[in-house]
Amino acid sequence: MALYSEKVMDHFRNPRNVGVIEDADGVGEVGNEKCGDIMKIYLKIENGIVEDVKFETFGCASAVASSSMATELIKGKPVSEALSLTNKAVAEALDGLPAYKMHCSVLAEEAIKNALEDYYKKHPEAK
Amino acid sequence: MYIYADNAATTRMSRAAVEAMTPYLTEWYGNPSSLYSLGQRAKEALEDARERIARMIGAEPREIFFTSGGSEADNQAIRSAAAIGAKKGKRHIVSDAIEHHAVLHTLKKLEQEGFEVTLLPVTPAGIVLSSDVEAAIREDTCLVTVMAANNEIGTIQPIKEIGEICRRRGVLFHTDAVQAVGHIPLSVGEIGCDLLSASAHKFHGPKGVGFLYAKRGVNLEPLIEGGAQERNKRAGTENVAGIVATATALEEAVARMPETAKRLVALRDRLIAGLSKIPHAALNGDPARRLPSNVNFCFEGIEGESILLLLDDRGIAASSGSACTSGSLDPSHVLLAIGRPHGVAHGSLRLSLGEDATEEQVDYMIGVVSEVVTHLRGFSPVWRDLVAGKTKFVL
């Protein structure tokens, strides 16, 4: 059996929405180098919609794939929907992650929540 | 192109070894403890293999005990020395920070049982200093255990010097030679060790076979109770076929060693030179006191598992000391011990060459690794911060 699902490998080999948004409305970063995973999410939000999202990840294949999938799941969606994204939804969309890699999907959820928190901090009127 | 560059993990069995073992699986399958000729034939093969293996490391046949592998040999060697020490009231053991877990975890267990363990640090190049060993030995030291060569970073330890110190100080010396046997010249007489562990699948023998050398007079404690096999030191029907194959593989490895080592050192150094051109990359371990097959690098700003999977896509099988590949949260204890910070240790890559490695393969690996490192750095927030000067480069 392969280590990861085909979907994980696809998102790892060809990550979607990779990069930086220079004038992002919200930026979230989670993880640390010590544990081996760092994710950074950049959001561009207009009229309550996630117009654009980019990510950068330092980490293993499941961390890269989780961030890539998470960005796909929230792109073009209302902020309220992005806020309710769960790690379970990310893992399911990837056709599952090995149990010991589930924390990668948790990081993706947290990174997005952090970015949205940052957005609300910068744009209190949006609340 | 498919390149198996993980020969420190395991090796392909030699054809001669496979051929040597087959008759003992199909034809001469008797139990060596049985009296009839089918069993006795197996017994003869077993003792013949013991003799041949002993000759390859300069030991007496009666000093060789077969085990299930390197880990069992390490466990038994250390536990036996500890038992000998305990009888004399000596409960202190000297070892070092970069030993294999088979050694470190056995020592941890002994600590829980009342032994005191001194784990020596290593130099930034990964060498255990014999002067440190000398200084650490106390009145109550019963054992020094230092590996012959490190499995991750390939450093060759000064075991002859350490052996001499131990002899002079009257302390038992064990060396985990799993990575060394069949790869670098090695003789128990020259090392002056009392105990030595080896594993067959590291030198093109089968998995599941190892052996422990125990110098005459050094009493072994059985880990497995049962029948009288291995002169009461290791119960259980012997893996005759595997042991026969081990002898054949070891003889072959030792016979080819001068030629293989010379060729591999040239290829290894070519690979090291090529990978050194990648910015913010550094060789782990000593450039010269190093196993002929071992190359180990850290690449700043990226993580090891990602490197391995992308290399696999390009037909290269390798390994890493990143946490993701170890199943724990911490990266390799060896890389941490030589002073690599956590983040950098996560970005490690070990390439261990096989006997059949070619220049073309080495050049291919240099190209692919460079591309993979650039690709992963392209979306690494750690790398971005380093390049932007927000954090400082270590390498």
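Only the coordinates and a few stated rules stand behind these numbers; no lab work does. Given the structure is predicted, the values throughout are model-derived calculations rather than measurements. Glycine gets a Cβ as well: all are built from the backbone with ideal geometry, and neighbour counts include every protein chain shown.
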Electrostatic dipole magnitude of segment A:6-118 [Cβ: Lys, Arg +1; Asp, Glu -1; Cα centre; debye, to 20]: 360
Amide H partners (placed H, <5 Å) of A:Val50, local residues excluded: A:Gly76, A:Lys77, A:Val79
Antiparallel DSSP beta bridges within segment A:6-118, percent to nearest 5: 95
Considering only segment B:15-252, percent of DSSP beta bridges that pair antiparallel, nearest 5: 40
Percent of beta bridges antiparallel (DSSP, the protein assembly as shown, rounded to nearest 5): 65
Acute angle (nearest 10 degrees) that the helix B:101-112 long axis makes with the longest principal axis of chain B, alpha-carbon atoms: 70
Per residue, the convex hull volume that the Cα atoms of segment B:15-252 enclose (Å³): 110
Least to most buried among A:Lys88, A:Lys54 (fewest other Cβ within 10 Å first): A:Lys88, A:Lys54
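Counting other C-beta atoms within 10 Å, which of B:Phe203, B:Phe393, A:Phe58 has the fewest, and how do the rest follow?
B:Phe393, B:Phe203, A:Phe58
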Listed residues B:Ala357, B:Cys298, B:Ile53: farthest to the positive end of the dipole of chain B (Cβ charges): B:Ile53
Crossing angle, helix B:359-377 versus chain B [Cα axis fit, 0-90 degrees, rounded to tens]: 60
Spatial separation of Cα centroids for segment B:4-50 and segment B:152-231, in angstrom: 21
Sites B:Arg167 and A:Asp23 - FRET efficiency at Förster radius 60 Å, r taken between beta-carbons, to 0.05: 0.25
Inverse mean reciprocal Cα-Cα distance (Kirkwood Rh) of segment A:6-118, Å: 13.4
Given charges at beta-carbon only (K, R positive; D, E negative), |dipole| of the protein assembly as shown in Debye: 1140
Dipole moment magnitude, nearest 20 debye, chain B about Cα centre, only Lys, Arg, Asp, Glu C-beta charged: 560
Percent of alpha-carbon pairs separated by more than 33 Å within the protein assembly as shown: 48
Given charges at Cβ of Lys, Arg, Asp, Glu: the protein assembly as shown dipole, positive-most of B:Ser71, B:Leu264, A:Tyr120: B:Ser71
Tilt relative to chain B, helix B:240-276 - C-alpha long axis, 0 to 90 degrees, to 10: 20
